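Novice: Can you keep this structure in mind? I'll have questions shortly.
What follows draws every value from the coordinates through simple rules; no lab data is involved. All of these numbers come straight from a predicted model, not from anything done at the bench. When we count neighbours, we look across all protein chains shown, and the Cβ atoms used for this are built from the backbone with ideal geometry, even at glycine.
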Amino acid sequence: MSAAAAAGTWKLGDLEVNRIGYGNSDGPPIDRDVAVGLLHSAFEQGVNHIDTAAFYFSPLRSANELINRALSSWSDEVVVVTKVGPARDPSGEWLGTVRPDELRGQVEENLRQLGRDCLDVVNLRAGDPRTASVAEHFGALAELREAGLVRHLGLSAVLPEHVTEAQKIAPVVCVQNSYGLDWRRADDSGLVDLCREQGIAFVPFFAVSGMRREAAAGREHNARVHSMARAHNATPAQVRLAWTLHRGPHLLAIPGTTNLAHLAENIAAGSLRLTDDELALLGEPDEGAV
């Protein structure tokens, strides 16, 4: 069994993936060969679910370009999940959310960059979770699914009512929202449980960084996380990932990193088993800082 398979699997529609995946972003660029080598290392350790977007790019690098290059010998073994909705101009300036009729262009851009004829999963990212309705945009993606350009559809940065609305249009296979030990609005809204009840994968981003979001990894301030890490001879990041995975079998983790050692640690977090008492303790408000 591969390292990434230790946490078990989940299906995105008819695509079975290991629950530990890998997430890309538009962070500072690293050397192309290093980036491709990092992806190859992830695949070799069993990662078969990778998250990306055409709008993840810097002046020197495109996440999709690097994935396309890395997947040259792994294309049939790795599920690629991409996102559409937000738009950036060529210089990287954010332009807001595109109109429904512009989504086809974004899907086609992902197809070109990834070198594919059909995208495995496309998430509609609602620019603002307070958006009243996703029906028109999701309906446009459903038409592209019917046309054969997309295999499965998902949602990102949404509320439970958006999932219910979208499910009436086409099947939703995953929901990607900010979620972690320190950021549990998806619990308060009932979104995590709704996804479980409907067999939808819930895929947290910022599961490790929490409220720091895209900021570089900083010092761990949660005393209980530190204590648990010491007890299990693990890192605080591994404890946070393990807590997330223990939230339910439908949760997938997509931690991102540019460090090979951290990559291996993230993947190994799938084999970290926390007891019910430990999970309950972690879930309580942290009263001490380290």
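Novice: What is the local net charge at residue 53, summed over the other residues whose Cβ is closer than 9 Å to its Cβ (Lys, Arg +1; Asp, Glu -1)?
Specialist: It works out to a net charge of 0.
Novice: Here is a follow-up. Among rounded, prolate and oblate, which fits segment 122-181 when a ≥ b ≥ c are the square roots of the eigenvalues of its C-alpha gyration tensor, a/c under 1.5 means rounded, and a/b larger than b/c means prolate?
Specialist: Numbers: a/c = 2.09, a/b = 1.54, b/c = 1.36.
It comes out prolate by the Cα gyration axes.
Novice: Which shape class, rounded, prolate or oblate, goes with segment 59-159 when its Cα gyration tensor gives a ≥ b ≥ c as root eigenvalues, a/c under 1.5 marks rounded, and past that a/b bigger than b/c marks prolate?
Specialist: The shape class here is oblate.
Novice: Just the number, please: Stokes-Einstein D of the chain in µm²/s, Kirkwood Rh from C-alpha pairs, 10 °C, 1.306 mPa s. Could you put the intermediate results ahead of the total?
Specialist: On the way: Rh = 19.2 Å.
The estimated diffusion coefficient comes to 82 µm²/s.
Novice: Still on this structure, I have one more. What does the charge dipole of the chain about its Cα centre add up to, to the nearest 20 debye, if the Cβ of each Lys and Arg holds +1 and the Cβ of each Asp and Glu holds -1?
Specialist: 260
Novice: Counting each DSSP H run of 4 or more residues in the chain as -39500 (n - 2.57), what helix-only mean residue ellipticity at 222 nm follows after dividing by all residues, to the nearest 500 deg cm²/dmol?
Specialist: Values: 11 runs with 102 residues, N = 290.
Per the formula, -10000 deg cm²/dmol.
Novice: Let me ask something additional. Based only on the alpha carbon positions, what is the Kirkwood hydrodynamic radius of segment 73-125, in angstrom? Before the final figure, lay out each step's value.
Specialist: Values: mean 1/r = 0.0827 Å⁻¹.
The Cα-based Kirkwood calculation yields 12.1 Å.
Novice: Compute the helix-to-body angle for 103-114: its Cα long axis versus the longest principal axis of the chain, expressed 0 to 90° and rounded to tens.
Specialist: 70
Novice: Calculate the dipole size of segment 31-145 relative to its Cα centre from +1 charges on Lys and Arg beta carbons and -1 charges on Asp and Glu beta carbons; express the result in debye to the nearest 20.
Specialist: Working: 12 positive and 18 negative charges, 38 e Å.
It comes to approximately 180 debye.
Novice: By its C-alpha gyration tensor, with a ≥ b ≥ c as the square roots of the eigenvalues, how is segment 1-103 shaped: rounded for a/c under 1.5, else prolate for a/b larger than b/c, else oblate?
Specialist: Values: a/c = 2.55, a/b = 1.45, b/c = 1.76.
Cα axes put segment 1-103 in the oblate bin.
Novice: May I pose another question? Within 10 Å, count the other beta carbons around each residue, average over each peptide in 235-241, 143-149, and list them highest first.
Specialist: Numbers: 235-241: 23.9, 143-149: 14.6.
My ranking of the peptides, most packed first, is 235-241, 143-149.
Novice: Using the Cα centre of segment 85-205 as the reference point, and only Cβ charges (+1 on K/R, -1 on D/E), how large is the resulting charge dipole? Debye, rounded to the nearest 20.
Specialist: On the way: 13 positive and 19 negative charges, 35 e Å.
Charge dipole of segment 85-205: 180 debye, to the nearest 20.
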